[in-house]
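Below: the structure, in structure tokens.
No lab work stands behind these numbers, since they all come straight from the coordinates. Here the structure is a predicted model, which means the values were calculated and not measured. Methodologically, a virtual Cβ is constructed for each residue, glycine included, from the backbone with ideal geometry; neighbour enumeration extends over all protein chains shown.
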Amino acid sequence: MPIAALVTGASRGLGLELIRQLGRGERPPRYLFAACREPEGAGATELKNFAKCYSNVKIVKMDVDDLNSIQETAEQIQKVLKDNGLNLLINNAGINFGGDLNGITPEIMMKTYTTNVIAPVMVTKALLPSLMQAAQQSDQHSFSSEKAAVINISSIMASMEMFNIQNGKAYSYRISKAALNMVTKCLASELKPHGILCASVHPGWVKTDMGGEKAPLLKEESVQGILKVLARLSEQDSGLFLDWRGQRLPW
Ligand SMILES: NC(=O)c1ccc[n+]([C@@H]2O[C@H](COP(=O)([O-])OP(=O)(O)OC[C@H]3O[C@@H](n4cnc5c(N)ncnc54)[C@H](OP(=O)(O)O)[C@@H]3O)[C@@H](O)[C@H]2O)c1
């Protein structure tokens, strides 16, 4: 497991489950930052209760739509880490308003793009010094999520080749996750010389507020799979689109 990890959107759903499983794993990160936009709000109660039992879990306030919030949190994290780097960043926070052509508006498209595309880029940019430090400090030569990695939680709904309208129209969501996949490609290429890998991961269709009740996968199963996939990542996986079972997905 990495020494230091950060998960965005950790108040509920897959983000909270990632924090739970990373936090109580056999080799938990020494610093596990759970970023959520309203740590004082009722929506963060489960996360706060969990963090009370695991001293390595540090809740940090981050609204990924707000550049100041991202920057302040990045500085706070760097202060906590002192001379340590950040090994693993999971850009998990996301939104989906659904909707067909009739329901789409520029406002919905902009809002979705802000959270699902701009935010992962800006969070990664703000934390890049810490990620680079982790890569430099690591005694591992090969790429891995223990050394330094950025994981973008994407969706099969972004795949052009596997496009299936039965999965829902969700124009702005599909478009935003397709753009996020391009973010992964760009980051993988730019960060490679620094020893940092980047991959897009589709978590499956999961029972969460976003996935809904009909989803076949429990968040526990999805996250177990994701963490196994992360543990196996190597240089050849950088810039790829994988699912929670480690299968490669077409763009
Ligand atoms: N569930 C699925 O079937 C499925 C399938 C494919 C991909 N995904 C992807 O998996 C990720 C997690 O989805 P989920 O199912 O866990 O969704 P969810 O239950 O709706 O949770 C979304 C999380 O994102 C956070 N968030 C949204 N906007 C934010 C912002 N501006 N700043 C900080 N946090 C923000 C929410 O925080 P608040 O509590 O503050 O709102 C919440 O913690 C998303 O990227 C989603 O697109 C999910």
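Among the listed pairs 58/147; 48/214; 111/169; 82/111; 58/228; 125/207, a Cα-Cα separation exceeding 26 Å is found for 48/214; 82/111; 125/207. Entry note, the chain: the mean residue ellipticity at 222 nm calculated from DSSP H runs of n ≥ 4, each adding -39500 (n - 2.57), is -12500 deg cm²/dmol after division by the residues and rounding to the nearest 500.
One Cα centroid belongs to the range 141-202, the other to the range 73-88; the line between them spans 24 Å. Compared with the direct C-alpha span, the chain from residue 236 to residue 160 gains 25.1 nm at full extension, assuming 0.36 nm per residue.
Counting beta carbons within 10 Å around each of 194, 202 and listing the fewest first gives the order 194, 202.
Report the gain in length on full extension from residue 54 to residue 194: 0.36 nm times residue separation, minus Cα-Cα distance, nm rounded to one decimal. Provide the component values of the computation, followed by the final result.
Values: separation 140, 0.36 × 140 = 50.40 nm, distance 3.17 nm.
Extra length available between residue 54 and residue 194 comes to 47.2 nm.
Taking the fewest neighbouring Cβ atoms within 10 Å as the starting point, the ordered list for 244, 251, 205 is 251, 205, 244.
Shown here for the range 107-183: chymotrypsin sites (Phe, Trp or Tyr not before Pro) in loop regions (DSSP other than H, G, I, E, B) with at most 15 other Cβ atoms within 10 Å, namely 163. Between residue 102 and residue 27, the contour length at 0.36 nm per residue exceeds the alpha carbon distance by 22.1 nm. With contacts taken as Cα pairs under 8 Å and at least 6 residues apart, the range 17-95 reaches a relative contact order of 26 percent.
Across all directions, the average projected area of the convex hull around the alpha carbons of the range 63-134 is 5.0 nm².
The mean sequence distance of close C-alpha pairs (under 8 Å, at least 6 residues apart), as a share of the length of the chain, puts its relative contact order at 19 percent. Ranked from largest, the principal axis spans of the Cα set of the chain equal 52, 41, 33 Å.
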